[in-house]
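Report on the structure given below.
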Amino acid sequence: MNPPPLPRSNPVGRFFTGLWDLMNFTRRLILNLLFFGLLFLVLIGFIAAMGKGGVQPLQERTTLVIAPEGRLVEQFTADPVTRALAHLVGDRSAEEVQLRDLLRAIEAAKDEKRIERVLLQLDKLEPAGMASMREVAAALGELRASGKQVVAFGENIDQAEYLLVAQANEVYLDPMGSLLLEGLARYRQYFRTGLQDKLGVDVHLFRVGEFKSAAEPYILDAASPEAKEADLFWMNDVWQRYLADIGRARKLDPAQLAAQIDALPEGIEAAGGDIAKHAQTMKLVDGLKTREEIEQLMTERGVADEDNDAGFRSVNLDAYLVQIDSKRVPVDRRPQVAVVVAEGEISGGDQPAGRIGGESTAALLRQARDEDEIKAVVLRVDSPGGEVFASEQIRREVELLKAAGKPVVVSMGDLAASGGYWISMNADRIYADPSTITGSIGIFGLVPNFARALGKIGVHTDGVSTTRFAGAFDVTRPLDPEVGRVIQSVIDKGYADFTGKVAAARGKPVEEVDAVARGRVWSGAQAKERGLVDELGDLRDAIADAAARAKLGDRDKFRITYVEKPASPFAQFMSGFAGSRIGAALLQDSGLARTVLARTMPETEAQLRFVENAVKDRNGAPVKSLAYCFCGL
């Protein structure tokens, strides 16, 4: 007996069945391709690691070429994978140079006998503030004093870079290049007319301190007299110190240099409009040479090398850092002085590198407290401030470190103002460069209101509430004056907390602190005169102080370690792979690899305006107090 015939499926069913089979096939194909692709990358990375052959030895009579590209930062703001891939595909917008790396290369070159001279090419360096540039300048001055020849060359040298360039034995500028010293300035855009009159956005500012000018652009059309007075006071101090530093390095009279800058139009006219010639007349440079002429000069003074693109035996900054790292002892059981970097804006929660998080930065300090090998901590602060509560979270960890018997010393970088000072004030000792920007002890709250703006386009808010204050903080409704009283009370309390904690930490009466607070900004030297800073010095001074407080002995008796967020194992692997020769070749030449990896790697966080973020996210709180300072140069 024959089996009954199978029922015939209808055409629609067959179509969907086939479509389902096709989707399954495609899914398996994609998964297999991803699996074998990842396996291929792992194998290539393994082969590349096996075939590196170690670090190439440094030859005698080598010229160290220091030509950093990108922003000078205390801490990288992107993960290792993003940095490696950006470098390979030629994306220079994401390039960064760590201050610590630049300093240790200069310091190592001072004692390295195989380094004959140093060539500085700083055209592509994006300087930070004046304090960090003075730290690098001091290191270059020590290098020059050690007997190593330092030659600087630039095609277009800006004012901040020149502080470093001036430390060289010889300074050369391209004949068609530029170098102008013009002074310091700080201008901002003011939005009151645009926001309130044009758009109908009413911005309500609540603050304590007539000098707390961070949010003035949202309520004024020009800087307040108090803001101008405070800014000009500290800027003149920083500028006079800059002229003195240049004068000392170039053996020039600072007063004469200032007079030449004031007579800039006459000087340029006398030079026939030739900026490079004018710089030479001012004795800012020793000669005018092209890049090819500089390379020929280095060849004549050093060793010719046909295999080198520049024509002379040299090592670049990155390769030299690899040389330095290859000499490190694998296991070092000496006690440690830990450095925790607090750079960027202070926000709540867990923040990535390059930003300060109330939870994440506090966790790094907690890690330093828990590790027995760490005997003292240096908190390196470079921050304009941010959220008050997040700042307080970090300050509490500083107190807990001290309570655990571990000294804490603060080293202020370019900027340690407002919330940046909040997290610093309880340290055992505070160091700042004379040109550090600090202070700005004050609190403000910013509340935009969009009721009039929405009304202009015919949108209105209405409804009911069970109490007079329910919904009163809604920015689409006009701000009730009684709500303004609530906000101002919160801001007043925040200022009282700030000045009270400073008074307790610095051992001063609150009235004395208030006299130098009120939101006013000071240079590091001015802050020391007013008791807000203990000593003038750099990171090395702070580390030595911390080690002395922990009784660790001479410098060779302890080691310095940075407590930072560790990269994930995958990020470490990909960074190493991208740094290998085979990996570099594959990633540079493969558009597909660039596309896939760019989509799968974490992107660098967008740099949004701090106030915009603070207003947008209040974490459920109707009022958020801010301790922030728009006081950078």
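The values are calculated or read from the model by the stated rules, or taken from the named source; none is laboratory data. Here the structure is a predicted model, which is why all the values come from computation and not from measurement. FYI the Cβ positions are ideal-geometry reconstructions off the backbone, even for glycines, and counts take in every protein chain you see.
Regarding segment 362-373, can at least one residue be identified that is closer than 22 Å to Trp234 by Cβ and over 18 Å from the mean Cα position of the chain (by Cα)? No, the conditions are met nowhere in segment 362-373. Tallying residues that are buried (at least 24 other Cβ atoms within 10 Å of the Cβ) and farther than 23 Å from Trp239 by Cα within segment 407-429 yields 8.
Scan segment 492-507 and give yes if some residue there is at positive phi and without any contact (Cβ under 8 Å) to a residue 60 or more places away in the chain, otherwise no. Looking through segment 492-507, at least one residue is at positive phi and without any contact (Cβ under 8 Å) to a residue 60 or more places away in the chain. Gln196: over 30 Å from Arg313 (Cα atoms) and buried (at least 16 other Cβ atoms within 10 Å of the Cβ), yes or no? Against the criterion (over 30 Å from Arg313 (Cα atoms) and buried (at least 16 other Cβ atoms within 10 Å of the Cβ)), Gln196 qualifies. When we screen Glu397, Glu343 for residues that are in contact with a Lys or Arg (Cβ under 8 Å, 6 or more places away or on another chain), charged (D, E, K, R), in contact (Cβ under 8 Å) with a residue 40 or more places away in the chain and not assigned by TED's automatic domain parsing to the domain that holds Glu295, the only hit is Glu343. The residue that is surrounded by the most Cβ atoms within 10 Å (Cβ to Cβ), among those in segment 101-133 that are at pLDDT 85 or above and within 12 Å of the chain's Cα centre (by Cα), is Ser132.
Please find, among Ala259, Ala279, Ala319, the residue that is within 33 Å of the chain's Cα centre (by Cα), surrounded by fewer than 16 Cβ atoms within 10 Å (Cβ to Cβ), in a helix (DSSP H, G or I) and assigned by TED's automatic domain parsing to the domain that holds Ile106.
After applying the criteria, what remains is Ala319.
Filter segment 345-388 down to the residues that are part of a helix (DSSP H, G or I) and either under 20 Å from Ala214 (Cβ atoms) or of a type outside the set (Gly, Ala, Ser) (or both) and list them by number. Within segment 345-388, Gly358, Glu359, Thr361, Leu364, Leu365, Arg366, Gln367, Arg369, Asp370, Val388 meet the criteria. The residues on offer are Ala145, Ala152, Ala160, and the sole one that is modelled with pLDDT of 95 or more, surrounded by 17 or more Cβ atoms within 10 Å (Cβ to Cβ), among the hydrophobic types (A, V, I, L, M, F, W, C) and over 30 Å from Val513 (Cβ atoms) is Ala152. Glu399 falls short on exactly one of the conditions (1) in a helix (DSSP H, G or I); (2) in contact with a Leu (Cβ under 9 Å, 6 or more places away or on another chain); (3) not polar (S, T, N, Q), and that condition is (2). Among the residues that make up segment 489-496, is at least one of them surrounded by 20 or more Cβ atoms within 10 Å (Cβ to Cβ), within 28 Å of the chain's Cα centre (by Cα) and not small (Gly, Ala, Ser)? Taking every residue of segment 489-496 in turn, at least one turns out to be surrounded by 20 or more Cβ atoms within 10 Å (Cβ to Cβ), within 28 Å of the chain's Cα centre (by Cα) and not small (Gly, Ala, Ser). Please count how many residues of segment 140-158 are aliphatic (A, V, I, L, M) and in a strand (DSSP E or B). So the count comes out to 4.
Of everything listed in (1) within 27 Å of Phe76 (Cβ to Cβ); (2) buried (at least 24 other Cβ atoms within 10 Å of the Cβ), the single unmet condition for Gly348 is (2). If you go through segment 372-411 and pick out every residue that is out of contact with any strand residue (DSSP E or B) (no Cβ under 8 Å at 6 or more places or on another chain) and not aliphatic (A, V, I, L, M), you end up with 9. Just one of the numbered conditions (1) free of Cβ contacts under 8 Å to residues at least 12 places away in the same chain; (2) more than 23 Å from the chain's Cα centre (by Cα) is not true of Pro566: (2). Look through Ser424, Ser391 and report the one residue that is within 24 Å of Cys631 (Cβ to Cβ), assigned to a helix (DSSP H, G or I) and out of contact with any His (no Cβ under 7 Å at 6 or more places or on another chain). The match here is Ser391.
Taking Leu257, is it at pLDDT 95 or above and among the aliphatic types (A, V, I, L, M)? Considered against the rule, which asks whether it is at pLDDT 95 or above and among the aliphatic types (A, V, I, L, M), Leu257 comes out as yes.
Residue-level check: of (1) under 22 Å from Val341 (Cα atoms); (2) surrounded by 21 or more Cβ atoms within 10 Å (Cβ to Cβ); (3) over 22 Å from the mean Cα position of the chain (by Cα), Gly519 misses just (1). Of all the criteria given as (1) surrounded by 14 or more Cβ atoms within 10 Å (Cβ to Cβ); (2) modelled with pLDDT of 95 or more, the one not satisfied by Ala504 is (1). Taking segment 324-340 as the range and being in contact with a Phe, Trp or Tyr (Cβ under 7 Å, 6 or more places away or on another chain) and under 19 Å from Gly420 (Cα atoms) as the test, only Val339 passes. Screening segment 282-316 for residues that are assigned to a strand (DSSP E or B) and aliphatic (A, V, I, L, M) and picking the one that is surrounded by the fewest Cβ atoms within 10 Å (Cβ to Cβ) gives Ala304. Of all residues in segment 423-445, none that is without any contact (Cβ under 8 Å) to a residue 12 or more places away in the chain has its Cβ atom under 8 Å from the Cβ atom of a residue that is part of a loop (DSSP other than H, G, I, E, B) and among the charged types (D, E, K, R), 6 or more apart or on another chain.
Number of residues in segment 289-332 that are among the β-branched types (Val, Ile, Thr) and more than 19 Å from Ala152 (Cβ to Cβ) equals 5. Among residues of segment 166-210 being among the β-branched types (Val, Ile, Thr) and assigned to a strand (DSSP E or B), the one that is modelled with the lowest pLDDT is Val208.
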